[in-house]
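The structure under discussion appears below in the form of structure tokens.
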Amino acid sequence: MARAASGPRSLLRPRAAEAGNADRRERRPLALGMRLLAMACAFVFMVAFAVVLARLTLHPSPASEALTHTNVRPGSSLRAYLDQPALRDAVKQIGGNLLLGVPFGVLVPLVAPRTRGLLRVLLLTAVVMLLVEFAQGALVTGRAFDIDDVILNTTGALAGYLLLGRRMSRAVHARRPRD
């Protein structure tokens, strides 16, 4: 009786194994040519993003020189943005800084597979944005260091990574199965 009961189970096991193998075949990583093309496109977009970032953040603004001040207290600039009478200005400042970080979360894991992972992307974004803010504060007329910009940029990178970067990176740089 036990033998009869195990018979149908043993018949199901090979079918389940076949279904598992079919799933693995369907989830195969992209072909090498497609992976290289995706990495090349990501690299081009990363360079273009770097140019846009430099134009937006390192462009002198002599007219606003008297208005700028260094902010090293997290949340200080955010409160100032939100206290502005025009909501549009607050949305422009906060949303712009968030959007500025999104390409890092999407492109960095594609261009540099070793940076794949939430903490690595966040750390790299924070370091790059800190360097940009230091350059703004030290070298650019009418610009100042603002820690809230770094926080918003890094938050944007987090959103980009979670929404798109992680999936794209997994598709382009599939992990090799361990034997």
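Quick note: the coordinates plus some simple rules give every number you see, no bench work behind them. Keep in mind that what you see is a predicted model, and the values were worked out from it rather than measured. Positions of Cβ are backbone-derived with ideal geometry, glycine not excepted, and every protein chain shown enters the neighbour counts.
What you get for region 79-154, charging only the Cβ of Lys and Arg (+1) and of Asp and Glu (-1), is a dipole of about 320 debye around the Cα centre. Database remark: amide H of residue 146 closer than 5 angstrom to the amide H of 71 (H placed geometrically; neighbours at sequence offset of 5 or more, or on other chains; Pro and chain starts carry no H).
The simple Förster model, with R0 at 22 Å and r as the Cβ-Cβ distance, assigns residue 72 and residue 123 a FRET efficiency of 0.65. Modelled spin-label separation between residue 139 and residue 52, with each label point placed 7 Å from Cα along the Cα-to-Cβ direction: 2.2 nm. Between residue 130 and residue 91, what is 0.36 nm times their sequence separation minus the Cα-Cα distance? Round to one decimal in nm. Stretched out fully, the residue 130 to residue 91 stretch lengthens by 11.8 nm.
Fully extended, how many nm does the chain gain between residue 167 and residue 83 (0.36 nm per residue separation, minus their Cα-Cα distance)?
Stretched fully, the residue 167-residue 83 segment lengthens by 26.5 nm.
Across q = 0.14, 0.19 Å⁻¹, region 31-172 modelled as identical point scatterers on its alpha-carbon atoms has Debye log10 I(q)/I(0) values of -0.68, -1.10, in the order of the q list. Counting beta carbons within 10 Å around each of 49, 145 and listing the fewest first gives the order 49, 145.
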